[in-house]
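A.B. asks: Have a look at this one before I ask anything.
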Amino acid sequence: KKINFLDHYIWWFSNKKRESYLVSKNHQKLLYIYETFFKYNNTNYVYPGWIACRKNLSILDILWALNWQKKNIDKYCKNIICIISTSKKNIFSNQHVKYLGYKPLLENSENLRKKLVLNNNFNLYYRIIS
């Protein structure tokens, strides 16, 4: 059954395991970013993501906002693994995660992919926050 937009947004913002932010620069909305927290195999994880607020964002604006997100996660999260997924086709995303300090997740991650509802069209990267 199709979920109408209002119900979807109510569900999204009422999720207690997700923090959401609107990142702006010079009064310009850049990215809507979020961080979902979960536990898997007795390990704590944060799974951040983002959505562009407009079509004409520059790469520098995106990196600026993602750097803000990284600093925010580092400030508030300790002893946690940060997981990022990127489409294998998205060259920019697969390069910027390295700039932000993430490493490819090389181990078998099928169960983690199921938890995150990700198929094999996505690369997984990780960063340990201590």
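A.B. asks: Given a 1.4 Å probe and the protein chains all in place, what does the accessible area of residue 117 round to, in Å² to the nearest 10?
C.D. replies: 130
A.B. asks: While we're looking at this one, here's another question. Positive end of the dipole of the chain, charges at C-beta (+1 Lys, Arg; -1 Asp, Glu), about the Cα centre: which of 84, 56, 95 has its Cα farthest in that direction?
C.D. replies: 56
A.B. asks: Under 10 Å, Cα contacts only: if you run a Gaussian network model on the chain, which one of 60, 105, 118 comes out with the highest mean-square fluctuation?
C.D. replies: It is 60.
A.B. asks: Take every Cα pair under 8 Å in the chain that's 6+ residues apart, average their separations, divide by the length, and report that relative contact order as a whole percent.
C.D. replies: Details: 163 pairs, mean separation 26.1, N = 130.
Result for the chain is 20 percent.
A.B. asks: Measuring from label point to label point, each 7 Å out along Cα→Cβ, what is the residue 99 to residue 17 span in nm?
C.D. replies: Between residue 99 and residue 17, the label points sit 3.1 nm apart.
A.B. asks: Report, as a whole number in µm² per second, the diffusion coefficient that Stokes-Einstein gives for segment 12-106 at 4 °C and 1.567 mPa s using the Kirkwood radius over alpha carbon pairs.
C.D. replies: 91
A.B. asks: Ignoring ligands, DNA and RNA, what percent of the 1.4 Å accessible area of the chain is carbon and sulfur? Numbers along the way, then the final one.
C.D. replies: Details: 4900 of 9080 Å².
Solvent-exposed carbon and sulfur of the chain make up 54 percent of the total.
A.B. asks: I've got another one for you. Can you tell me the dipole magnitude for the chain around its Cα centre, using point charges on the Cβ only (Lys, Arg +1; Asp, Glu -1), in Debye to the nearest 20? The partial results should precede the final answer.
C.D. replies: Values: 22 positive and 7 negative charges, 26 e Å.
So the magnitude is around 120 debye.
A.B. asks: Once label points are set 7 Å from the Cα along Cα→Cβ at both residue 121 and residue 27, what is their separation, rounded to one decimal in nm?
C.D. replies: Result for the modelled spin labels: 4.0 nm.
The values are calculated or read from the model by the stated rules, or taken from the named source; none is laboratory data. Computed from a prediction, not measured in an experiment: that's the story for all the values here. All Cβ positions, glycine included, derive from the backbone under ideal geometry; neighbour counts span all protein chains shown. Accessible surface is based on the protein model in full, side chains and every heavy atom, while ligands, DNA and RNA are left aside. Shrake-Rupley method; radii C 1.70, N 1.55, O 1.52, S 1.80 Å.
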